1. Name the residue, out of ALA125, ALA51, that is assigned by TED's automatic domain parsing to the domain that holds ASN198 and either in contact with a Phe, Trp or Tyr (Cβ under 8 Å, 6 or more places away or on another chain) or buried (at least 20 other Cβ atoms within 10 Å of the Cβ) (or both).
2. I'm checking my understanding of the structure. Among residues of the range 134-145 that are within 15 Å of ILE178 (Cβ to Cβ) and not polar (S, T, N, Q), which one is surrounded by the most Cβ atoms within 10 Å (Cβ to Cβ)?
3. Among residues belonging to the range 66-99 that are out of contact with any Gly (no Cβ under 8 Å at 6 or more places or on another chain) and of a type in the set (Ser, Thr, Tyr), point out the one that is surrounded by the fewest Cβ atoms within 10 Å (Cβ to Cβ).
4. Within the range 173-210, how many residues turn out to be touching a Pro at 6+ places or on another chain (Cβ under 8 Å), within 22 Å of PRO64 (Cα to Cα), touching a residue at least 60 places away in the same chain (Cβ under 8 Å) and assigned to a helix (DSSP H, G or I)?
5. Working carefully through the options GLU194, GLU176, find the one that is of a type in the set (Asp, Glu) and either farther than 21 Å from ASN120 by Cβ or not assigned by TED's automatic domain parsing to the domain that holds GLY155 (or both).
6. Out of (1) over 25 Å from ASP81 (Cα atoms); (2) among the hydroxyl-bearing types (Ser, Thr, Tyr); (3) modelled with pLDDT of 95 or more, the odd one out for SER116 is which?
Amino acid sequence: MKLRKSFILAAMFLFGLAPISTAFAQTSSQTLKLGKKLFNANCATCHQADAIGKPGFAPSLSNPELMSISSNKFLMGTIRDGREDTGMGPFAHLGRKKVTAIVSYLRSTVKVKDRSKEVNSQPDARGDPRLGEQWYNYICSTCHGVGGTGYEAGGTGTAIGLPGTLNKVSDGFLRETIKKGRSNTRMLPFQGPEGLANLSNQEIDDIIVYLRSLAKK
C-alpha cells in the first residue's frame, strides 16, 4: 500500500498534479540550485541579487515578516500572474516546476515558520472607510502614494491600493503587515511601543476597509 501511494504521488508530481504542499515537501538541493539560478536570471534585476529589493523600484523578498505570512500558493501565484498595473509582469511561461523552484529558493533564504493559514483565517476587516482614508493619507500615502498607487505616484512603497495586490492578499495579511511592518525595509510597524504610530486594531481595520474600497473604483 505504501509503495502504491508513493508511486501515485510521484506520478502526480511528474505531471504537475501534486498538491503545492507535497511539491515543497520534496525540496532538494538541486531544486534550490535551480531556483537560485532562475531567480538571478528572472528576478534579480528588480529585486536585487540578494532579494533585498530596491526602494521605489521593487520590494524586498528577504524579510521574515513577509515570508512568514506568505503561503506557497500566494508566492507562486504572484510569480505566475504578476501584479496588474505594476512593473511586475507574469512569469507563467516558466511553468510550475521552475516557479516552484524559485519559491523554494526564497524560502531557503529566510528560515521562518509558515503562519499563512493562521493569518489568512483571520476575520475580514470591518470599519469606516472614511476614517481609514484619513489615517491612510496621514501615515501611509507618503510612501505608498495617494490612492495606494505606489511607485507610479513616485512613492518608495508598493502599490497596496491596486487590484493586482488587493485581489491576492487576505485582510489578515494586510493586518499583520500594518501591525508588524517589514524588517530591512522602510515599512515600519504601526502598532506597539516600537510602532511609528501606535494604531488600535479598529484603526488598522479602518485602513484595510479603505484600501478594499480603492480596488472597487
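The values are calculated or read from the model by the stated rules, or taken from the named source; none is laboratory data. The structure displayed is predicted, hence computed values, not measured ones. All Cβ positions, even for glycine, are placed from backbone atoms using ideal geometry, and neighbour counts span all protein chains on display.
1. On the way: ALA51 fails: assigned by TED's automatic domain parsing to the domain that holds ASN198.
The unique qualifying residue is ALA125.
2. CYS140
3. Checked the range 66-99; the qualifying residue surrounded by the fewest Cβ atoms within 10 Å (Cβ to Cβ) is SER68.
4. Number satisfying all stated conditions: 1.
5. Working: GLU176 fails: either farther than 21 Å from ASN120 by Cβ or not assigned by TED's automatic domain parsing to the domain that holds GLY155 (or both).
Just one listed residue meets the conditions, GLU194.
6. (1)
Per-residue answers, yes or no, for (1) free of Cβ contacts under 8 Å to residues at least 40 places away in the same chain; (2) assigned to a helix (DSSP H, G or I); (3) under 15 Å from the mean Cα position of the chain (by Cα):
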residue	(1), (2), (3)
LEU34	no, yes, no
ALA51	no, no, yes
LEU61	no, no, yes
SER68	no, yes, yes
VAL103	no, yes, yes
LEU106	no, yes, yes
ASP114	no, no, yes
ASP124	no, no, no
